[in-house]
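Asks: Here it is: the structure, laid out below.
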Amino acid sequence: MKIDVLGVGFNNLTLEEAVQAGAGLVETEGFHYTVTPNPEFLLTARKNDAFKQALLGADLVLPDGVGVLYSAKILGRPLKSRVPGIEFAQGLLAWMAGHGKRLFLLGAKPGVAELAAANLKSTYPGLIICGTHDGYFQEDGPVVEEIRASAADVVFVCLGAPKQELWMVHNGPATGAHLMIGLGGSLDVFAGVVERAPKTFQKLGLEWLHRLIKEPKRFGRMAKLPLVLWYALGARIRRR
Ligand code: UDP
């Protein structure tokens, strides 16, 4: 059963349970996709119905961001744990490497996915990366065909939100892949182009602060994020 946080249902899982569930989807016939909403997703979903439907239709919805956890708590429906998309991806990579599964990397600026592929292959010996493509293409058709021809089991879709979620919904089934995961800027991190926040920031739930320090131009976007807590409080009060 999913836990509703401002209209989006989240799976209530630990990181290990989420990785197990992801592996289960890779082994299941048909197409599946995973989303990793943070507070910014929840705000976007309030205004963009196609995006909201894409989040609601996902097989696995993982809370990537303390803001989602705080909102769930305010709503009186606490979630077990934060499951950062990148850590979910790392868990799945380890599993894939041990099970001969094929991975396609889609997204980021030209050259980044190739760099990420090289790093991932050395971190996860045995990992099969069956293709890469940058995220700045005009037509979907040739990219879908490339993924299909690669016989990928899993695709990391890193086009930023909401583009990546809509892309997975529209194009995922035609690729023949079993699992797609929307992972934002993860390829930049795997490639070493962008650093993840140091562990202390991660433990304190302050990854957003690290990002703000590194990319001050995000201030406008991030200043709106406390709004999710405000909306959660409003929803809680209205329910009484
Ligand atoms: N990106 C892409 N194609 C686009 C727009 C963005 O491949 O048309 C990539 C971008 O290069 C970056 C990632 O998507 O690697 C977005 O990362 P970010 O963490 O900014 O995602 P967001 O926070 O917007 O979800």
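Asks: Only one of these is away from the ligand (no atom under 13 Å from the Cβ), over 17 Å from the mean Cα position of the chain (by Cα) and either within 20 Å of Cys130 (Cα to Cα) or open to solvent by less than 60 Å² (accessible area, probe 1.4 Å) (or both): Pro198, Pro216. Name it.
Replies: Pro198
Asks: Any idea which residue in the stretch 133-147 is farthest from the ligand (Cβ to nearest atom), counting only those that are in a loop (DSSP other than H, G, I, E, B) and of a type outside the set (Gly, Ala, Ser)?
Replies: Going through the stretch 133-147, the residues in a loop (DSSP other than H, G, I, E, B) turn out to be 134-139.
Okay, now just the ones that are also of a type outside the set (Gly, Ala, Ser), so 134, 136-139.
Details: Asp134: 7, Tyr136: 5, Phe137: 8, Gln138: 10, Glu139: 13 Å.
It comes out as Glu139.
Asks: So if I check each of Arg46, Arg77, which one is assigned to a helix (DSSP H, G or I) and either within 16 Å of the ligand (Cβ to nearest atom) or open to solvent by 40 Å² or more (accessible area, probe 1.4 Å) (or both)?
Replies: Answer to the selection: Arg46.
Asks: Also: Quick check: is even one residue across the stretch 30-44 acidic (Asp, Glu) and more than 15 Å from Asp64 (Cα to Cα)? Before the answer, list the steps.
Replies: Looking only at the stretch 30-44, we keep the residues that are acidic (Asp, Glu), and these are 40.
So of that shortlist, the ones also more than 15 Å from Asp64 (Cα to Cα) come out as none.
There is no residue in the stretch 30-44 that is acidic (Asp, Glu) and more than 15 Å from Asp64 (Cα to Cα).
Asks: Is it the case that the stretch 16-24 has a residue that's outside any helix (DSSP H, G or I) and among the hydrophobic types (A, V, I, L, M, F, W, C)?
Replies: Looking through the stretch 16-24, none of the residues is outside any helix (DSSP H, G or I) and among the hydrophobic types (A, V, I, L, M, F, W, C).
Asks: Take the residues in the stretch 117-132 that are outside any loop (DSSP other than H, G, I, E, B) and open to solvent by 40 Å² or more (accessible area, probe 1.4 Å); name whichever of them is nearest to the ligand (Cβ to nearest atom).
Replies: The qualifying residue nearest to the ligand (Cβ to nearest atom) is Asn119.
Asks: Working carefully through the options Gly65, Gly111, find the one that is within 12 Å of the ligand (Cβ to nearest atom), free of Cβ contacts under 8 Å to residues at least 40 places away in the same chain and of a type in the set (Gly, Ala, Ser).
Replies: Values: Gly65 fails: free of Cβ contacts under 8 Å to residues at least 40 places away in the same chain.
Step by step, each of Gly65, Gly111 is checked, and only Gly111 is within 12 Å of the ligand (Cβ to nearest atom), free of Cβ contacts under 8 Å to residues at least 40 places away in the same chain and of a type in the set (Gly, Ala, Ser).
The values are calculated or read from the model by the stated rules, or taken from the named source; none is laboratory data. This is a predicted model, so every value here is computed, not measured. Positions of Cβ are backbone-derived with ideal geometry, glycine not excepted, and every protein chain shown enters the neighbour counts. Heads up: the accessible areas ignore ligands, DNA and RNA and are worked out on the full protein's heavy atoms, side chains in. Shrake-Rupley method; radii C 1.70, N 1.55, O 1.52, S 1.80 Å.
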